Amino acid sequence: MENATATRGAEQAPGRIVAAWAKNDGDAFAAACTEDATLILPGVYLKSREEIRNFMTRAYAGPYKGTRVHGDPLNMRYLSDDVAVIVTQGGVLYPGDEKVTPEREIRATWVLTRKPEGWLIAAYQNTPTATA
């Protein structure tokens, strides 16, 4: 199940999101997702690549304009040759931020699936690490 040829590349999938975010590019963000991908953020539940594209395009024109994201891998495992789960910790960096502030820090779960076009996000969910 876990050989280098079959699994190589899944760990690169979050980097596609970081690159798309750096360009504030909703199309590139959505291209990293499967057609039926889910994206769950606090107060947000999206159920397709098109919904994700529309949401991120609006967000980059509004509250996320000029922002970047950062995430460090905490855990990665392969469930099969074509499915991987990555857990990251990071968050949104606003202009002038050197690191993610505690109130914006999140942990995220990425469910990735290998398709002919490469590793894509099938499901993404994040949770703030700050406690009330």
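Things worth noting here:
- Relative to the longest principal axis of the Cα atoms of the chain, helix 13-22 runs at roughly 30 degrees.
- Average accessible area per residue (Å²) across the chain - probe 1.4 Å, nucleic acids and ligands excluded: 56
- Value of [θ]222 nm, deg cm²/dmol, for the chain, DSSP H segments ≥ 4, -39500 (n - 2.57) each, nearest 500: -7000 deg cm²/dmol
- Bridge orientation summary for the chain: considering DSSP beta bridges with both residues in this region, about 90 percent are antiparallel.
- Extending 7 Å from the Cα toward the beta-carbon at both D72 and E11 defines two label points whose distance is 1.6 nm.
- The simple Förster model, with R0 at 30 Å and r as the Cβ-Cβ distance, assigns A130 and A19 a FRET efficiency of 0.65.
- Area projected by the alpha carbon convex hull of the range 34-132, averaged over all directions, nm²: 7.2
- The range 82-98-the range 14-38 distance, computed between alpha-carbon centres (Å): 13
- Taking θ as phi - 60° and the Karplus parameters 6.51, -1.76 and 1.60, the scalar couplings of the range 84-101 work out to 9, 10, 10, 10, 10, 10, x, x, 8, 9, 8, x, x, 6, 8, 9, 5, 6 Hz in sequence order, x denoting glycine and proline.
- Nonpolar atom fraction for the chain, defined as the carbon and sulfur part of the 1.4 Å probe accessible area, stands at 54 percent.
The values are calculated or read from the model by the stated rules, or taken from the named source; none is laboratory data. Every value quoted in this text rests on a predicted model; they were computed, and no experiment measured them. For neighbour counting, all protein chains shown are included, and Cβ atoms are generated from backbone atoms with ideal geometry for every residue, glycine included. Remember, those area values only see protein heavy atoms, side chains included, never the ligands or the DNA or RNA. Shrake-Rupley method; radii C 1.70, N 1.55, O 1.52, S 1.80 Å.
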